[in-house]
1. Working only within region 91-137, note down all residues that are under 24 Å from residue 46 (Cβ atoms) and hydroxyl-bearing (Ser, Thr, Tyr).
2. Show the residue pairs that are 6+ apart or on different chains and have beta-carbon atoms under 7 Å apart, the first residue being within region 144-170 and over 16 Å from residue 202 (Cα atoms) and outside any loop (DSSP other than H, G, I, E, B), the second being open to solvent by 30 Å² or more (accessible area, probe 1.4 Å) and modelled with pLDDT under 95.
3. Is it fair to say residue 19 is out of contact with any helix residue (DSSP H, G or I) (no Cβ under 6 Å at 6 or more places or on another chain), more than 21 Å from residue 119 (Cα to Cα), in a strand (DSSP E or B) and modelled with pLDDT under 55?
4. Filter region 76-93 down to the residues that are open to solvent by 20 Å² or more (accessible area, probe 1.4 Å), assigned to a helix (DSSP H, G or I) and within 21 Å of residue 114 (Cβ to Cβ) and list them by number.
5. Within region 128-159, count every residue that is over 18 Å from the mean Cα position of the chain (by Cα) and open to solvent by 30 Å² or more (accessible area, probe 1.4 Å).
6. Only residues that are modelled with pLDDT under 85 and either outside any helix (DSSP H, G or I) or surrounded by fewer than 17 Cβ atoms within 10 Å (Cβ to Cβ) (or both): list them for region 176-204, please.
7. Tally the residues that are touching a Leu at 6+ places or on another chain (Cβ under 9 Å), of a type in the set (Val, Ile, Thr) and at pLDDT below 95, restricting the search to region 112-158.
8. Among 32, 40, 28, which is at pLDDT 95 or above and open to solvent by 40 Å² or more (accessible area, probe 1.4 Å)?
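The values are calculated or read from the model by the stated rules, or taken from the named source; none is laboratory data. In this text, all values refer to a predicted model and were calculated from it rather than measured experimentally. Note: ideal-geometry Cβ built from the backbone for every residue, glycine included; neighbour counts use all protein chains shown. We work out accessible area using only protein heavy atoms, side chains counted, and drop any ligands, DNA or RNA first. Shrake-Rupley method; radii C 1.70, N 1.55, O 1.52, S 1.80 Å.
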Amino acid sequence: MPTRPYGDGTWEIPQKGDENEWVRTNPDGLTDLSSTMNADHDEYYVPTVKLLRQTRRALLGTKKPGGFFIEMAAYQAFDSGAVSGNDQAEYYVSALREVSKIIENFVTYGIAVTDPTLPGHTIHIRATDDELDTARTRFKDAATSAEAALAEEDAGKAALAFRKLLGKNGDGDTVFPMPPGFNEDGSKKASAISPGARVVPAGKRTFG
């Protein structure tokens, strides 16, 4: 995609579908902010953002809003202090819930998502009312499903739920692997059945 310098260290890129409309962007600033946020959250921020962008792909496909909007919503959620966790599973589920709230506020109440790299600027997206309503509904439902999966005591069932949320990557490969000892349908392999109490919900363990 062509870019042009804006003059203050930031850049402009043409809006998709309208090369006469240019949008300011600050990729270097975003890299710095992401690195700092990642360090502040024990290296969970960056992988959580990747999981959220992949969730958007699974839920919306080529429809808007795109991945950048979701990433900025995620940054806003983390920056607010509302996202937390003790492991990757908890961070993902917590962030997904908060991002779903931000999307709800954006669609229903018109509360803009800020651009942390450009003070005073907000994120603009080209999306139809139907696309926005779909995003609102699917992310809200996804957050509920993720919370249930996190609490699920059966690791196979939890993995199936997370698989549905994360879908397939651009190469058509399933993103979320089944945990060791489980078949692709979520059932336990015969050799994996053993006694013993679980110390954490299975939904966490499926993240490795």
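1. Once the filter is applied, which keeps residues that are under 24 Å from residue 46 (Cβ atoms) and hydroxyl-bearing (Ser, Thr, Tyr), region 91-137 yields 91, 92, 94, 100, 114, 117, 122.
2. 166/175; 168/174; 168/175
3. Considered against the rule, which asks whether it is out of contact with any helix residue (DSSP H, G or I) (no Cβ under 6 Å at 6 or more places or on another chain), more than 21 Å from residue 119 (Cα to Cα), in a strand (DSSP E or B) and modelled with pLDDT under 55, residue 19 comes out as yes.
4. Result: 76, 79.
5. Adding up the residues that qualify gives 8.
6. Passing the criteria: 190, 191, 192, 193, 194, 195, 196, 197, 198, 199, 200, 201.
7. Going through region 112-158 one residue at a time, the tally reaches 2.
8. One residue alone meets the criteria, 40.
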